[in-house]
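One structure below.
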There are 2 protein chains.
Amino acid sequence: MILFYTTEIKGNHAVLDKEETRHCTQVLRKKLGDTIQLVDGKGNFYEARIIEISRKACVVEIIKTIANFNSRDFYLHIAIAPTKNMDRLEWFVEKATEIGIDEITPILCQRSERKKLRVDRLEKKALSAMKQSLKATLPIIHELTPFKEAIQQSPDISLRLMAQGGQKNSIKDNYSPNTAVYILIGPEGDFTDTEKEMAFANGFQGVHMGNSRLRTETAGLVACHTINLLNEGQ
Amino acid sequence: MILFYTTEIKGNHAVLDKEETRHCTQVLRKKLGDTIQLVDGKGNFYEARIIEISRKACVVEIIKTIANFNSRDFYLHIAIAPTKNMDRLEWFVEKATEIGIDEITPILCQRSERKKLRVDRLEKKALSAMKQSLKATLPIIHELTPFKEAIQQSPDISLRLMAQGGQKNSIKDNYSPNTAVYILIGPEGDFTDTEKEMAFANGFQGVHMGNSRLRTETAGLVACHTINLLNEGQ
């Protein structure tokens, strides 16, 4: 199944933008009257019939709507220090979206190697991974956020974990399925002591990430998959 | 900690090659008499003192040896169909090595998108990931292997799993910690029915990989991390 994406939906009509139109009509050679599947990034899946094609847009009539399509019974927010190499962070966003994540906050830490970030590039990766993995919900991706603000995000999530070496407990030891969790992943060189204290004061607990020393983006992905795996098959 | 890698070890002396020597003496500015840590890719970790430096080589005297350094109590072999985009397979090798894997077989399937493979590039990624994640053992990486041969590999591993959509059981349902497992990951478009039958006839069982449709390299990594997570904290 190929999913198209649009946010231009009014009543029972939706419009594909230029790029999606090109993919639909030129690459896949869809014609008037053909049925396609689309998602809006907000959890809705649609089956729709093509009723108008131009070079710049494709108009469809919605014939079936499924709300909360492939939705999960848990909520996962990961805040992660961007890597020096932007590819590695983009890769994290792609893979986390494929596996399952709700919210991503790139954080500006004292030891951050990257002080600027093109969030639009991350959003593009997330969009393509959402379609690829047959999901209807785009993760929320925040702008680069100072550490101090990041630890105050998601105040409604009571389980707040911070990845750190030398901790006794793992994510698995702290997490119960079907619940929400907010996890912080630090930069190469770890969070500073000041940052750790600030996090503890804001309700975070330290957790180890296993026996291997992992790169930042790998630690992020391991955290993401751990939560997904612990929820599966409930 | 920075790990160096060498296979040139005789008695209590070891020699770093040109590239490792450059990294050791020029980038990290290590001098005669300094202590460094090295691994041989076969499970041995060494602490050693630099006793000779030239432009092309660095000779060290081993002062401490730890065998089976950071070794695991399980064995994981993953056979995976190479992706069209070589970066994605290299990425899989890097991340799987970081997280923990013993053997990787790139497989040539009927629907494979890639018929040739530069294994040296994969080995380079594995080497760098081994050092990065503080391991002393390099995964075995096989040449591109026809599917029929691949399913006959690792005959001593009795738990043989094949990733497939629509299966009732997951890896988690089949795996017991501290045991060996051999997992097959198919190409985009899945294994063919003939391949599935051949695998079943060779003792493989189908397992699903969760609710998301994952790219090949993501499925490989999810399988790798699932086994590592199920073994942790035993």
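The values are calculated or read from the model by the stated rules, or taken from the named source; none is laboratory data. Model, not experiment: these values are computed from the prediction. Positions of Cβ are backbone-derived with ideal geometry, glycine not excepted, and every protein chain shown enters the neighbour counts. Side chains are part of the model used for accessible areas, which takes the heavy atoms of the whole protein and leaves out ligands, DNA and RNA. Shrake-Rupley method; radii C 1.70, N 1.55, O 1.52, S 1.80 Å.
On chain A, 46 percent of the accessible area sits on carbon and sulfur atoms, based on a 1.4 Å probe.
Couplings for the stretch A:147-162, taken from phi via the Karplus curve 6.51 cos²θ - 1.76 cosθ + 1.60 with θ = phi - 60°, read 3, 4, 6, 4, 6, 9, 5, 6, x, 7, 8, 7, 8, 10, 10, 10 Hz in order; Gly and Pro are left as x.
On the basis of the beta-carbon distance and an R0 of 45 Å, B:Lys172 and A:Lys115 show a calculated FRET efficiency of 0.65.
The rotation axis bringing chain B onto chain A passes closest to the chain B residue reported with its distance as B:His225, 3, by C-beta distance in whole Å. Taking the inverse of the mean 1/r over every pair of distinct Cα atoms in the stretch A:50-107 gives a Kirkwood hydrodynamic radius of 14.8 Å. Between copies, A:Pro146 shows label-point distances of 6.4 nm, shortest first, with the point placed 7 angstrom from Cα along Cα to C-beta.
If you roll a 1.4 Å probe over the heavy atoms of the protein chains, what accessible area per residue do you get for the stretch B:75-231, in Å²?
On the way: 6170 Å² over 157 residues.
Heavy-atom SASA per residue in the stretch B:75-231 reads 39 Å².
The Stokes-Einstein estimate for the stretch A:135-234, based on a Kirkwood radius over Cα pairs and taken at 10 °C with 1.306 mPa s viscosity, is a diffusion coefficient of 110 µm²/s.
The trypsin sites (Lys or Arg not before Pro) of the stretch A:1-104 that DSSP puts in a loop, and whose beta carbon has at most 14 other beta carbons within 10 Å, are A:Arg29, A:Lys31, A:Arg55, A:Lys56, A:Lys84. Label-point distances for A:Glu47 to the equivalent site in the other copies, using a point 7 angstrom along Cα→C-beta, read 6.7 nm when ranked shortest first. The ellipsoid that matches the Cα gyration tensor of chain B has semi-axes, each √(5λ) in whole angstrom, of 38, 18, 14, with the longest given first.
For the protein assembly as shown, dividing the convex hull volume of the Cα atoms by the residue count gives 169 Å³ per residue. Looking at the stretch B:177-212, the GluC sites (Glu not before Pro) that sit in a DSSP loop and have at most 14 other Cβ atoms within 10 Å of their own Cβ are B:Glu188. Taking a quarter of the surface of the Cα convex hull of the stretch B:3-66 gives a mean projected area of 3.6 nm².
Put simply, the amide H of B:Ser170, placed in the peptide plane, has neighbours under 5 Å in B:His208, leaving out anything fewer than 5 places away on its chain.
Averaging Cα coordinates gives a centre for the stretch B:96-145 and one for the stretch A:175-234; these two points are 27 Å apart. Here is how far apart the B:Glu61 label points are across copies: 8.8 nm, shortest first, using a point 7 Å from Cα toward Cβ.
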